[in-house]
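Asks: Can you keep this structure in mind? I'll have questions shortly.
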Amino acid sequence: MPPTGSILIVDDERSMRELLRIALTRAGHQVTVAESPAAAKLELDARDFDVVITDLKMPTGSGLDVLDGVKAARPHTQVVVVTAFATPETAIAAMKRGAYDYLTKPFKIDEIGVVVERALEKRGLLRDNLELRAELEGRFRLERMVGKSPAMQRLFELLRKVAPAKTSILLEGESGTGKEMVARALHHLSPRASGPFVAVNCGAIPEALLESELFGHVRGAFTGAIADRPGLFSAASTGTLLLDEVGELPGQMQVKLLRVLQERKVKKVGGTVEEEVDVRVVAATNRDLEAEVERGAFRQDLYYRLNVIELHLPPLRARREDVPLLVDHFLRKHAAALGRAIAGIDADAMAALCDYDYPGNVRELENLIERAVTLESGDRVSRASLPELKPRRPSEPPAASNELPPEGVDLDRLVAELERALIVKALERTRGVRKDAAKLLGVSFRSLRYRLAKLGIAPIDADSDAETDDKPGS
C-alpha cells in the first residue's frame, strides 16, 4: 500500500486547488486547501501537515515565503513547489531553501501523485528517526546523564531505587565522572524535587569560613558578621544538600558535621539556639574514604554516617561503549550553542576518541568536543579538529625500575596500570573470591571493591560478598 498522509494545498486558482484536492483525496490522503500564503499560515499554525504543495507566484505572496515558513516552524514537513513560470533560477532557489521537489505546470495527476508518495516516504523516515532517537535517549538517559553500558544501566537502576529514600548517599568516583549530575538526578527523582538543590565544594572554602557557610552565623559572631546569615543546611531545607569533595573536610569540621547528621539540628556560629533542618545529604568524593579512615585522615563514624548507601561512578575508560553516545550528545549541544551546522563526526575522529583513556573523564570529552566544534570549518568534525590523543596502552605491569627516562613518565598511569595488574593477578590466584584477594593485597574488602569499581573491572553495585563487610555504628 502506498503511504498516505495529511496534505496542505496552497494555490490562488480555485480550479487547481479543487483538482488536486479531488485527486489526492481519492488516493487516500487527508487534504486541506488554502487560497493564499496568509490562509496557509493559519492552517499551519493550527495543525501539522506531512506535505505542503504550494504555487510559486500568487497575487498576495510567494510560494517561497510559504516554504520558508514551513521550514522554520516544522523542518520535517516536505514542501513541493509548483509553477507555470519555471526558470532554472527559481528551481535552484526553491531547492536551496529546502523544497523536496519542484514541478512545472501543466503536470499530470499521476506525476504529482508519485511526488507526494515519495515525499511521504521521506517524511516517514524522518519521523521514525526522531522516534528512534527519543526511544534511545529515553533508554540510555537519566536526567542529563547518558549511557548504554552495563555499568551505567546498573547505576540508573540503583538511582531509581534509592532516590525516594531519605537516607544519606555517598558518591565515589574520579574527577569528571559526573558526581554532581548524579546528585541532581537523585534530587529530581525524589519526593524532594520541589525543594532546593544546594551544592557546596568543601575543598574550595577556607577552613575559617567553612562552619559559617554550612551552619550560618549571627550578627557579631566574628569580624565582618554585620547581620544574621543562614547557612547552606538551612538554605537546602526540604531539599537536598550536596557536600562535594567531602574528603577535604578538616578534622574539627568532621566532628561538627557528624553531630548535625545525627541530631538533624544546626547551631549558627556565635548563636545559642539549635534549629531543626530537614535536609537529605549527598556526599561526593574522588578519594578512597575507606583508605582515608584506615590511615586516620577521616573519621570512621562520619564515614559510616555518610555511607548509608554507596554508589560508584565508573570512569569513562571503563565504559567505552558510551563514548559515541556522549560524542553525539555533546556535538548537538555545542553546535546549537555556537550556532554551527555540524552534521556529525568522521570515522577516524570517532575512532581516536574511542581509543583514548580520558584521565579527565566525561568532563574532558565534553571539552574536546566543544573545542572541535569551535575549530571545525566543515560540516563534520574531522580528526584535524582534535588535539593529539594518545591511544590507550595495554594494562601490563611496568618493568621494575627506578630509572627515570629522559622524556619523563606518566606517574598516575603507571601506578594505575600496576594496581590493575596486581589486583587481576590476586583475583586469578583466589579464583575470583574478592575477600581472599583483599587479604593478599593487604587492603580491606571495601577498599578492594572501591578499587575494582574505580578501575572498571567490577560491578558498581554491592554483591553477595558485601554481607561479610558489616558496618558498625550506622
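Asks: For segment 146-314, calculate the relative contact order in percent as a whole number, restricting contacts to Cα pairs under 8 Å that are 6 or more residues apart.
Replies: Reported as a whole number, the value is 33 percent.
Asks: How far apart, in nanometres, would the label points at residue 194 and residue 367 be if each is projected 7 angstrom from Cα along the Cα-to-Cβ direction?
Replies: Distance between the two pseudo-spin positions: 4.1 nm.
Asks: Evaluate the charge dipole of the chain about its Cα centre and quote only its size in Debye, nearest 20, assuming +1 on the Cβ of each Lys and Arg and -1 on the Cβ of each Asp and Glu.
Replies: Details: 68 positive and 73 negative charges, 144 e Å.
The calculation lands at about 700 debye.
Asks: In addition: Using Cα pairs closer than 8 Å and at least 6 residues apart in sequence, work out the relative contact order for segment 317-385, in percent.
Replies: Averaging sequence separation for qualifying contacts and normalising by length gives 43 percent for segment 317-385.
Asks: Reachable lysines from residue 435, Cα under 18 Å, same-chain residues fewer than 8 places away excluded?
Replies: Reachable lysines: 425, 454, 471.
Asks: Give me 197, 215 ranked fewest to most by other Cβ atoms within 10 Å of their Cβ, as a rough exposure proxy.
Replies: 197, 215
Asks: Please give the contour-minus-distance gain from residue 166 to residue 343: 0.36 nm per residue of separation, less the Cα-Cα distance, rounded to one decimal in nm. Mind showing how you got there, number by number?
Replies: Numbers: separation 177, 0.36 × 177 = 63.72 nm, distance 4.39 nm.
Working it through step by step, the gained length comes to 59.3 nm.
Asks: At what distance in nm do the modelled label points of residue 418 and residue 42 sit from each other, each positioned 7 Å from its Cα along Cα→Cβ?
Replies: Roughly 8.0 nm, to one decimal.
Asks: Please tell me the relative contact order of the chain in percent, rounded to the nearest whole number, where contacts are Cα pairs under 8 Å and at least six residues apart.
Replies: After rounding, I find 12 percent.
Asks: So what J values fall out for segment 243-252 if you push phi through Karplus, 6.51 cos²θ - 1.76 cosθ + 1.60 with θ = phi - 60°, rounded to Hz, Gly and Pro as x?
Replies: Listing the rounded values in order: 9, 7, 6, 5, x, 8, 4, x, x, 5 Hz.
Asks: Next question. As a test, work out the antiparallel percent of DSSP beta bridges whose residues both lie in the chain, rounded to the nearest 5.
Replies: Antiparallel: roughly 20 percent of the beta bridges in the chain.
Asks: Rg and Dmax in Å for the chain, alpha carbons only: what are they?
Replies: 30.9, 91
Asks: Quick one: 3J(HN,Hα) in Hz for segment 316-331, Karplus 6.51/-1.76/1.60 with θ = phi - 60°, rounded, Gly and Pro as x.
Replies: With the stated coefficients, segment 316-331 comes to 5, 5, 8, 9, 5, 5, 8, 4, x, 4, 5, 4, 4, 4, 6, 4 Hz.
Values quoted throughout were computed directly from the atomic coordinates according to the rules given, and no laboratory measurement underlies them. On a predicted model such as this, the values are computed, not experimentally measured, just so you know. Backbone-built Cβ (ideal geometry, glycine too); neighbour counts: all protein chains shown.
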